[in-house]
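The numbers here are math on the coordinates, done by the rules we state, and not lab data. This structure is a prediction, so every number in the text was calculated from the model and none was measured. FYI the Cβ positions are ideal-geometry reconstructions off the backbone, even for glycines, and counts take in every protein chain you see.
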Amino acid sequence: MLPILMLLVILVLLAIGVPIAFTLGITATVFLIIYADIPMVVIIQQLYLGTNSFPLLAIPLFMLAGSLMNYGGISVRLINFALSIIGMVKGGLGMVNVVASVFFGAITGTSAGASAAVGQIMIPAMKEKGYSASFSAAVTSAGSSLGIIIPPSVPMILYGSISGLSVATLFFAGIPIGIGIAIGFMIVVYIISVKKKYDFKEQPFSWRLVLKTFVSAVPALLVPVAIMGGIVTGFATPTESAAIAVICGIIAGIIYKQLTWSGFKKALNESVVNTALVMLIVATAKILGFSFSALGIGRMIMEPLMAYAENPIILMLLASLILFIGGFIFDGTVMVLVIVPLFLPLVEATAIDPLQFAMVVIIVWAIGQQTPPVASGLYITTAIAQVSMLQVSRYNIWFILVFFVALMGMIFIPDVMLYIPRIIIP
């Protein structure tokens, strides 16, 4: 009864417009005081402990790196490079959108940064060349979620901070999965483009153009190389790699002569605001998680699932369903910080591979970004394209299907899905 009552309070507060961070904090505090008689000083300590983590320091740094990329003239150069590679095939502009999202996912670590950077350029360009506004928004929205699967990924950093799993291991696992999903997206783009007769073609393929755009994009492309290179060689931790990414972003902006002092200040301001939003949610989610433990709610929720402890696949399917439902209600950050810790003891007590479960959580998070009413991935792109979420969802369902296929693959054939990262990190 208590879990249902807490959920109802959360839903009511969200329904009347209370921000998610305050909703979590208020609900947890009230229930702790009434049902557990917890002193306020303990609640304040939990609020502090929620953000007192070295791995979380990478979040503001990656956000700053992403903002610097946007103001440093990197967006256009990455998109031009993608256009030179694949822009000449049927539906090529849509595929360029996906490839550009892969590039930005490897730089920003967030879906919001990728959708804003790519969407502001690609959505108007696609509309101008005859693609429908709703299809353009759907491609951009789906592609933006690659930003949380392809490293550096802020969600993976959050997951590592609560699970104890190596962030570097999560990063390595995300690379082949993210690239595979991107290929699936391009197949969807091609099929829809053929059906809708989006047959506009850019200039013919030219190695000279590829080389020219590649040289122009080198400073931007070196950012993910520097990040992963530092981690692979052991030269830097993910947090230190985030600092390197910031330095690379500044250098790239200077090389391109587009990072002005005004743009630098705007990038700082954006990263501070976005970091504050994330960290406030992280802190209040910690209180809610603590309330689940203090009130025994975690045990109430997990006890029925223990009946399936001998069948990891059923457990994974049930966990995915619960996380999927959670994604309808909560932002992915809240889902990982509040719901996932309930499952971690269950994962440790069964034969489920911790890395497999981690990637299931990340993929479900990506799906949640594309499914209303939360659908954080859709809000930015629908605003840019000036179309309704319902119109975009007609196309977006096919990209969600690609995510679903990846999710089922991770549940049923994890040895295949995790083959490459297991080779790199035994």
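Here the residues Phe135, Phe264, Phe403, ranked from fewest to most Cβ neighbours within 10 Å of their Cβ, fall in the order Phe264, Phe403, Phe135.
Sequence gap at least 6, Cα distance under 8 Å: using those rules, report the relative contact order of the chain to the nearest whole percent.
26
Annotated for the stretch 75-229: lysine pairs at least 8 residues apart or interchain, Cα distance under 23 Å, count 16. Listed by chain and number, the aspartates and glutamates placed with their C-alpha closer than 15 angstrom to that of Lys286 are Asp331; residues fewer than eight positions away on the same chain are left out.
If you bin all the Cα-Cα distances of the stretch 73-230 at 5 Å, starting from zero, the percentages per bin are 2, 10, 18, 22, 20, 14, 8, 4, 2, 1.
Summed over qualifying helices (DSSP H, 4 residues or more, each -39500 (n - 2.57)) and divided by its residue number, the chain shows a 222 nm mean residue ellipticity of -25000 deg cm²/dmol. Hydrodynamic radius of the stretch 1-109 by the Kirkwood approach over all distinct alpha-carbon pairs: 18.1 Å.
Could you give the angle, 0 to 90 degrees to the nearest 10, between helix 58-71's Cα long axis and the longest principal axis of the Cα atoms of the chain? It works out to around 30 degrees.
Return the Rg/Rh value of the stretch 364-419, two decimal places, where both radii are evaluated on C-alpha atoms and Rh is the Kirkwood radius.
Radius of gyration relative to Kirkwood radius: 1.10.
How would you rank Ile322, Ile74, Ile362, going from fewest to most other Cβ atoms within 10 Å of each one's own Cβ?
Ordered by Cβ neighbours within 10 Å, fewest first: Ile322, Ile362, Ile74.
Helix 74-86 axis versus longest C-alpha principal axis of the chain: approximately 70°, rounded to the nearest ten.
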